[in-house]
Every structure is written in C-alpha cells, then in structure tokens.
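Written below as structure tokens is the structure these notes are about.
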Amino acid sequence: MEMPERIEDGFTITDPLLSTGGDTPAPATLAVVFSTLVAVSGSFVFGSAVGFSSPAQNGIIKDLDLSVAEYSIFGSIWTIGAMIGAVMSGKLADLFARRGAMGFSELFCLLGWLAIIFGKNALWLDIGRLLMGYGVGIISYVVPVYIAEITPKNLRGEFTTVNQLMICCGASLMYVVGVIINWRLLAVIGAIPCIIQLLGLFFIPESPRWLAKAGQWKECEASLQRLRGKDANISEEAAEIKEYTETLKKLSEAKITDLFQKKYAHSLIVGVGLMVLQQFGGVNAIAYYASSIFESAGFSGRIGSIAMVVVQIPMQVLGVLLMDKSGRRPLLMVSAAGTCLGCFLVGSSFLLQDLQLWKSSPFLALVGILVFTGSFSLGMGGIPWVIMSEIFPINVKGLAGSLVTVVNWFGSWIVSYSFNFLMLWSSEGTFFIFSAVCGVTVMFVAKLVPETKGRTLEEIQSSMNSFS
C-alpha cells in the first residue's frame, strides 16, 4: 500500500517499513496488553457482581434475617441500576472520555461493594446492589469500546473478547470461592478489582479515536505512538483516523432520532438484533436458574453447576483464540447452532420426563445445558459486544452504544423475570422456544451480520453506512 507523502497537523512520517497500517500485522505491544488488562478489570467486576448473589444467598438470609422476597429484591435490583447506567453510558464515555467513564463507573461499584460489606439490613444491601448495577451498566459499554479503539485491526477481535472471558472468570470465582467463605469476605474479594482498575487507569493512554474526536491531535498521535510502539510508523493509521473524524465533524451533533436514519439502519439492526437474540436465546435464564433447572430435571444442582464452570472457561478461551483467525461470522453461527441444540436437548429431557419414556432424561438435561454453556461461551457471549464496538461511527457511537446496551439489559430483565412463569406453563415448551430463537440467530447472522475481521474501524463503519 502506498504511503502518503505528507501528513499535516503534527502527524510525523517515519520509516514506512515499520508501518502498522496496510496489511502488515501489528504486534501486541506491552502498552496494548497492559491497557487491555486494566480495562478488563472492570469486566471482572461485572462477572463478580453476576456471580455473587447465588453463593451468598443462604448466608445473607441467615445473618440478616431476610425473607426470600427481600433477598429476591436484592438479587434483581441491580438490573434496574444497570439499565440506568446503560442509558447514560454512551454520553458519559463521550463526556469524560473512555478512561474517565471507567473510573466513574468503578467508584459506584466500589461504593456498592462497601455498602454490602458493612450493611446491617436489607436497605443497605439493596442500595449497594443498585449502585453496583449502575456502575456495571456503564462498564458493559465502555470496556469493549475502549479495547476496540486502542487495538490494531488484526488483534481487535481477540482482545475485545477478553472482556467476556473476564466476566466469565469473575462469575466463576464468586461461585467457587463463595461455597467456602463468608459472604462479607466474598464481597471484599469482589471489591479488589475495582481498586485495581482505579489505580491502573492512571497508567494507561486515552483512546486515540476519542482524542481525535475531541480535536486533540497531538495527544491522539502521542497515544497512538505509545500503543503501537516507539519505533512504529503511525502515520497511515493516524491519517485515516484524522480524515474520518474530520468528515464526521462536518455532521451536526447526533440526536437519538438520527440513529433511525437510513444510513445507520444496517448498523442498528445488527447491533440491536444481536443483543435481542442473545438474551431471548435463554442465556440468563440458564445462568440464574441453573441449579433449579437441574433439580427440576432430576439432577444434582450442585454437580451440574460446577460442571458448567468447568466447561465455560475453556470454551471462552477457545473463542478468544479463534476470534481473529476464523472471523466473527463463522464463530457466531457455530455458537448459535450449538445453543440451539443445547436448548433442544434440555426441552427434550423435560418432554421425555413428562411422558415417562426414558429414565435417563436428567442426564440429557445436563448434556443440553453443558452444550448450551460451551457453545454460548464460544461466540454468542462475547462477539455481539465486539461487533457493537466496531460497527457504529464515532459521531453516533455514544447514543447507539447506550441504546444497544439498554436493549441487552432490558432483555435480560424480561427473560429473568418471566422464566419461572414460563416453566410453570411448560418446561419443555420454554426450552423449545429458546431453541427456536437460537435457530433464528443462525439465519440472522448469515443474512445480515458483516465480517469485520482484519478491517479498521473506519473501513467497517464506512461500509456499514453505505448499506442500502
């Protein structure tokens, strides 16, 4: 690829052989790796919050003399906080920058954990959980966006998927450790990653794309140079960021109604569609009620839940490794097909149990949930967030990201709230519905979701906006 002869406004030109632009694979520099690790400390907080309520349930109810209804409020109120945080996440990330938004969110998470650690009654626990949910609602948007904006195009998928891996690790740690320690000590462990991220944010660069949007060209160049290495030629990548940002600046400030223009239709359909299908495929129903599902099917809830953890993390790691090799679309379709099969097996288990046709049907339920969990971890868990961080132009990324994140959390609440009622209606019918949604996901990905592997954010967004 021919290098430009002259770049204005302070972007320097060095040896083109070292360029990270074009088709030359860029290395994973120490700065990119460290910045990603600091960012995904927030993802670990997210996972810890998800995994805390299950192992802490018996201890909290006993120590604080709570009713099941009071504990149910504690367990679910964080979703309301997350929806509020998600609504504000895009604006906060644009206003305070990506690092500032992560720090802002972690302050709420830390205050939430402290309220739980020192709480003496249900009110303090609910306040803590609500604050934590608000912080997590912001984290769920800003972390994948920050990682996508700092990583080279050939590594972006793998690095962004680490977000989902750390959510998985946080939840798994809470579940495993929570079996053997007191719930207040478990909350202390949950607070540690908040402190790690708050301290780490002082040592990582701001997103060069946010700096470019803010008109801070010299700072953008310095951030990009730090991320790509002191000897790397950033001229081509910096010029592309600058050109694209200046084009967007000619547009008026985006309003929520602007998202529904024809030029953003493809991006919006893909972003919202993936989140709706992810949630209505039943993931949170299985995550939150796995033990009760196993017990309803006649299997040990404790053994089944541990088996889920054992399957989940290796499959998540495999998904990270395959992300930038196989591409987003193949992984998504394989993952969605696996979740479809998993839900079908669970539904079949309940059907055979009702008809009393097969005495080993509980084992089929275990296999089905493990197939679902492994398949979901492979792609459907993390890739929708990766794609969300890639497809929206920076002038509407805040608004669009907020909308997509709110849709995700609202879908999570709907499925979590309605699941027990659906199970009372028909256990097998519930999982056959989930299976059908997962089947639709395969077709949705095949028809509408673009392949973003190996392309710069500017290339992806330009092609999405020209879709008609």
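The values are calculated or read from the model by the stated rules, or taken from the named source; none is laboratory data. These numbers come from a predicted model, not from an experiment. Counting neighbours? That spans all protein chains shown, and the Cβs are built from the backbone with ideal geometry, glycine included. The accessibility values were calculated without ligands, DNA or RNA, using every heavy atom of the protein model including side chains. Shrake-Rupley method; radii C 1.70, N 1.55, O 1.52, S 1.80 Å.
Can you pull out every residue in segment 327-351 that is within 30 Å of residue 391 (Cβ to Cβ) and open to solvent by 40 Å² or more (accessible area, probe 1.4 Å)?
As a first pass, look at segment 327-351 and keep what is within 30 Å of residue 391 (Cβ to Cβ): 327-343.
Scanning segment 327-351 gives 329, 330, 333, 334, 337, 341.
List the number of the failed condition for residue 84; all other conditions in (1) surrounded by fewer than 21 Cβ atoms within 10 Å (Cβ to Cβ); (2) without any contact (Cβ under 8 Å) to a residue 24 or more places away in the chain hold. All conditions are met except number (2).
Selection within segment 162-208: residues that are under 12 Å from residue 37 (Cα atoms) and under 19 Å from the mean Cα position of the chain (by Cα). The member of this set that is surrounded by the most Cβ atoms within 10 Å (Cβ to Cβ) is 163.
In the condition set (1) modelled with pLDDT under 90; (2) closer than 18 Å to residue 439 by Cβ, residue 336 is compliant with all but (1). So for segment 347-359 (the condition being basic (Lys, Arg) and under 26 Å from residue 298 (Cβ atoms)), does at least one residue qualify? Yes. Filtering segment 90-109 for residues that are modelled with pLDDT of 90 or more, assigned to a helix (DSSP H, G or I), open to solvent by less than 10 Å² (accessible area, probe 1.4 Å) and at positive phi leaves a non-empty set. For segment 17-34, indicate whether the set of residues that are assigned to a helix (DSSP H, G or I) and modelled with pLDDT under 90 is non-empty. The answer is yes, given that some residue of segment 17-34 is assigned to a helix (DSSP H, G or I) and modelled with pLDDT under 90.
A count restricted to segment 253-303 and to residues that are outside any loop (DSSP other than H, G, I, E, B), among the small types (Gly, Ala, Ser), within 22 Å of residue 370 (Cα to Cα) and at pLDDT 90 or above stands at 0. Examine segment 364-377 for a residue that is open to solvent by 10 Å² or more (accessible area, probe 1.4 Å) and either touching a strand residue (DSSP E or B) at 6+ places or on another chain (Cβ under 7 Å) or within 30 Å of residue 263 (Cβ to Cβ) (or both), and state whether such a residue exists. Within segment 364-377 (the criterion being open to solvent by 10 Å² or more (accessible area, probe 1.4 Å) and either touching a strand residue (DSSP E or B) at 6+ places or on another chain (Cβ under 7 Å) or within 30 Å of residue 263 (Cβ to Cβ) (or both)), the answer is no, since none of the residues qualifies. The sole residue among 383, 414 that is open to solvent by less than 10 Å² (accessible area, probe 1.4 Å) and within 13 Å of residue 278 (Cα to Cα) is 383. Pairs meeting the criteria (first residue in segment 97-113 and within 28 Å of residue 215 (Cβ to Cβ) and of a type in the set (A, V, I, L, M, F, W, C), second residue modelled with pLDDT of 95 or more and open to solvent by 30 Å² or more (accessible area, probe 1.4 Å), beta carbons under 8 Å, at least 6 apart or on different chains) are 107/198.
Hey, among 324, 354, which residue is touching a residue at least 12 places away in the same chain (Cβ under 8 Å) and crowded, with 19+ Cβ neighbours inside 10 Å?
Details: 354 fails: crowded, with 19+ Cβ neighbours inside 10 Å.
Checking each option against the conditions leaves just 324.
If a residue must be of a type outside the set (Asp, Glu), in a helix (DSSP H, G or I) and crowded, with 20+ Cβ neighbours inside 10 Å, how many such residues does segment 115-156 contain?
26
Of all residues in segment 417-467, those satisfying the criterion of being among the aromatic types (Phe, Trp, Tyr) and exposed (fewer than 14 other Cβ atoms within 10 Å of the Cβ) are 417, 421, 425.
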